[in-house]
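The values are calculated or read from the model by the stated rules, or taken from the named source; none is laboratory data. Treat the numbers as computed from the prediction; the structure is a model and nothing was measured. Neighbour counts run over all protein chains shown; Cβ positions are idealised from the backbone, glycine included. Accessible surface is based on the protein model in full, side chains and every heavy atom, while ligands, DNA and RNA are left aside. Shrake-Rupley method; radii C 1.70, N 1.55, O 1.52, S 1.80 Å.
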Amino acid sequence: MQIAEGVYSVDDTGFVNVYVLARPGRVVVVDTGIPGTAEKIVACVRGAGYTEADVTTIILTHADPDHSGSARRLKELTGAVVAIGAADAPRVRGELPIKAQRKGLAGIVTRAVTGFSHVETFDPDVLLHEGDTVEDLTVLEVPGHTDGSIALLDRSGGFMVVGDALRGDNQGGAQPPSEAMTYDMKRAWDSVRRLAQVPCDIMLPGHGRPIMPGASDKVAQLLQDLHPER
């Protein structure tokens, strides 16, 4: 599905969004869905008039397996480099559990939440930090959902990919991050406040429909309604 000029959402990826960004002569994929999604991403790339060889970079907004589960396979199919927020890199490498336990809970069982039990580990090629630029996208660190969650701002295109820092509803509105699946809600709300201050017409969440138009205003309204600053 085309969302805006050069911005596509991959069809049939279940409960998680995968985005294909078409640039002149190349393609960027943001998040890869659960294991088994790589071929669907390639089909979307071809539908946009490109080939898998045109995919130069795969960017992961965070390490959760519903976002990173097909990264290794997609890298094999395309030869693209894989980039992720530095703080989440140990999880996709297998050095830490793929999903951190939320503070105050007994723990989160990945299999029960995501519906699959095995995710292939891999070594990312690029570790991203605040202020970095990757494929003309500016990196913003938005921790809370995970330690290494990032958002990606495309100033020229008026959109921002926000991963699980926000969710979208069915009317183009903004919803808060999932409390059940967020590691640190205090930091998550701090990240939502930060996103509300970035002028942006379209925000592309990891779950739900795009937040548009006037995304920044909608996030500011969300804060006012649900979590005003004290």
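Need the C-alpha centroid separation for the stretch 150-184 versus the stretch 1-61, integer Å. What the calculation gives is 18 Å, centre to centre. Its Cα centre serving as origin, the stretch 111-230 has a Cβ charge dipole (Lys and Arg +1, Asp and Glu -1) of approximately 520 debye. Of the residues Thr138, Leu223, Val82, the one whose Cα sits farthest toward the positive end of the charge dipole of the chain, with +1 on the Cβ of Lys and Arg and -1 on the Cβ of Asp and Glu, is Leu223.
For an R0 of 25 angstrom, estimate the FRET efficiency from the Cβ-Cβ distance between Ser178 and Asp12 and round to the nearest 0.05. Show your work: numbers first, answer last.
Numbers: r = 22 Å, r/R0 = 0.88.
Approximately 0.70, to the nearest 0.05.
Take the solvent-accessible surface of the protein heavy atoms, probe 1.4 Å, and return the percent of it on the chain that carbon and sulfur atoms account for.
Details: 4920 of 10080 Å².
That fraction is 49 percent.
Give, in nm to one decimal, the length gained when the segment between Arg194 and Arg23 is fully stretched (0.36 nm per residue of separation minus the Cα-Cα distance). Display every interim value, and only then the final one.
On the way: separation 171, 0.36 × 171 = 61.56 nm, distance 2.71 nm.
Result: 58.9 nm gained on full extension.
Distance between the pseudo-spin-label points of Glu95 and Asp225 (7 Å out from Cα toward the beta carbon): 4.1 nm.
Where does each of 147-154, 214-221, 184-191 land if you order them by average Cβ count within 10 Å, highest first?
Working: 147-154: 25.2, 214-221: 19.4, 184-191: 17.8.
Highest mean packing first, the order is 147-154, 214-221, 184-191.
The dipole here belongs to the chain: it is taken about the Cα centre, uses +1 on the Cβ of Lys and Arg and -1 on the Cβ of Asp and Glu, and is about 420 debye.
Across the chain, how many lysine pairs, 8 or more apart or on two chains, come within less than 30 Å at their alpha-carbon atoms? Please report the intermediate quantities before stating the final value.
On the way: Lys40/Lys75; Lys40/Lys99; Lys75/Lys99; Lys99/Lys186; Lys99/Lys218; Lys103/Lys186; Lys103/Lys218; Lys186/Lys218.
Pairs that pass both the separation and distance tests number 8.
From the helices alone, meaning DSSP H stretches of at least four residues, give me the mean residue ellipticity at 222 nm for the chain, per-run term -39500 (n - 2.57), in deg cm²/dmol to the nearest 500. Please list the in-between numbers first.
Working: 7 runs with 56 residues, N = 230.
Estimated from H runs of four or more residues: -6500 deg cm²/dmol.
What is the chain by shape, rounded, prolate or oblate, if you read a ≥ b ≥ c off the alpha carbon gyration tensor as root eigenvalues and call it rounded for a/c under 1.5, prolate for a/b larger than b/c, and oblate otherwise? All intermediate terms of the calculation are to be shown ahead of the outcome.
Numbers: a/c = 1.59, a/b = 1.13, b/c = 1.41.
In terms of gyration-tensor shape, oblate.
The residues of the chain present an accessible area of 44 Å² per residue when probed at 1.4 Å with all protein chains retained.
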